[in-house]
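Here's the structure we're looking at; comments come further down.
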DNA sequence: CTAAACCCGAGTAATTAACTATAGTTTCAA
DNA sequence: TTGAAACTATAGTTAATTACTCGGGTTTAG
């Protein structure tokens with residue numbers, strides 16, 4: 001039971017944008033270097049995030065990417081759903097359009113997966129990018 | 001973010017054994033038929049569960065499989081960990097021997113994965129096979 | 001006009017998932 | 001004592017997914 005690197009890397013990149021949130025866009029290359037990610041690969045992730053409306057892009061020289069909304073208003077769940085698809089420990093309890101099997105009515109394991117799904121979604125939707133940035137700052141302070 | 005069919009099917013099969021828990025072993029074939037699973041595939045899952053000590057086998061005619069402990073004493077988490085490995089939304093927060101990346105100290109996303117891991121483990125470890133069987137019974141009664 | 005930057009689509013190697021198959025061993029029961 | 005039911009072990013196979021990689025575009029500040 002793993003998230004793929006899409007969710008993992010994508011969240012890192014989004015937090016990088018959150019930490020540099022401001023007026024000027026951040027070039028993909030600098031995000032990739034700071035987070036040690038393949039630029040080619042990150043491009044794909046940013047494309048997904050842009051099409052989903054979580055980030056905006058500015059083309060041309062001095063261009064780059066920036067969050068479409070302030071970090072307080074973007075939840076980890078938003079990012080993960082774009083990159084990994086809807087939360088669903090098994091397909092039959094998918095958040096969106098679950099393909100229920102023919103045994104759905106009496107499937108005895110169903111309750112487990114529903115609880116799990118809700119628990120996962122609960123965690124992901126309770127944390128904003130800003131929450132994490134604050135936590136990271138605190139951490140650095142406490143290490144000083 | 002999905003569990004594989006190992007965890008999914010394996011839990012179904014374990015619950016089948018729980019529902020038939022008693023003195024006599026249940027042949028694999030009958031579990032496979034009731035749960036509509038490939039017998040060949042289920043064989044592999046049962047082998048893993050047996051080696052992990054969750055089920056016992058009886059060879060020969062009239063043989064089969066049975067839970068090694070009563071359903072109250074087997075948690076969903078026990079089954080899932082045998083079949084899917086340790087709970088770990090990403091490798092660096094694996095329950096067992098996490099391969100921490102070189103950025104572990106200052107990795108900003110880490111807190112998310114830890115919370116998620118603990119939340120998932122919490123759900124899986126809070127539900128026993130007996131809990132689910134009881135729920136299923138109740139469900140059937142309420143539908144009458 | 002040129003270089004920095006995003007945009008888009010395709011290709012690809014490696015891994016994993018999900019079975020499938022085959023040959024063997026144990027045990028009961030007729 | 002032998003045949004069939006059942007578990008045991010290991011290997012093969014096919015398809016999908018993952019995690020990139022690459023090449024050629026377009027936009028725009030300076």
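Every read-out reported here was derived from the displayed coordinates using simple, explicitly stated rules and does not represent laboratory data. Note that the coordinates shown come from a computational prediction; the quantities given were computed from them, not determined experimentally. With ideal geometry, Cβ positions are generated from the backbone for all residues, glycine too; neighbour counts draw on all protein chains shown.
The figures follow:
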quantity	calculated
Packing-based exposure ordering (other Cβ within 10 Å, fewest first) of B:14, A:66	A:66, B:14
Modelled FRET efficiency - R0 45 Å, residue B:106 with residue B:30, Cβ distances, 0.05 increments	0.25
Residue A:41/residue A:114 FRET efficiency (R0 25 Å; Cβ-Cβ; nearest 0.05)	0.15
Exam field: residue B:111 pseudo-label spacings to other copies (7 Å along Cα-Cβ), nanometres	3.5
Nearest beta-carbon to the A/B symmetry axis - residue in chain A, distance in Å	A:119, 3
Degrees between helix A:110-126 axis and first principal axis of chain A (Cα, 0 to 90, nearest 10)	20
Cα point-scatterer Debye curve for region A:5-143, base-10 log of I(q)/I(0) at q = 0.09, 0.11, 0.15, 0.21 Å⁻¹	-0.34, -0.48, -0.78, -1.22
Test item: B:78-84 mean partner chain Cβ contacts at 10 Å	1
Shielding by partners, peptide B:87-99 (average Cβ within 10 angstrom, other chains)	2
Helix-derived mean residue ellipticity, 222 nm - over chain B, DSSP H n ≥ 4, -39500 (n - 2.57), to 500	-17000 deg cm²/dmol
Extension reserve of the residue A:4-residue A:72 stretch, reckoned as 0.36 nm per residue once the Cα distance is removed	22.0 nm
Footprinting exposure proxy for B:56, A:99 (fewest neighbouring C-beta atoms within 10 Å first)	A:99, B:56
Highest-fluctuation residue, A:65, A:106, A:40 considered, GNM on chain A with Cα pairs under 10 Å	A:106
Of B:84, B:72, B:100, the one that fluctuates the most in a GNM where chain B has Cα springs shorter than 10 Å	B:100
Label distances, nm, residue B:85 versus same residue in remaining copies, Cβ-directed 7 Å point	2.0
Likely footprinting exposure, B:12, A:29, fewest C-beta neighbours within 10 Å first	A:29, B:12
Spacing of the two label points (7 Å from each Cα toward its C-beta) at residue A:134 and residue A:59, in nm	3.9
Distance in nm between pseudo-label sites at residue B:95 and residue A:50 (7 Å out along the Cβ direction from Cα)	4.1
On Cα atoms only, tilt of A:39-51 relative to the major axis of chain A in degrees	70
Gaussian network model of chain B, springs between alpha carbon atoms under 10 Å - residue of B:82, B:31, B:114 with greatest fluctuation	B:114
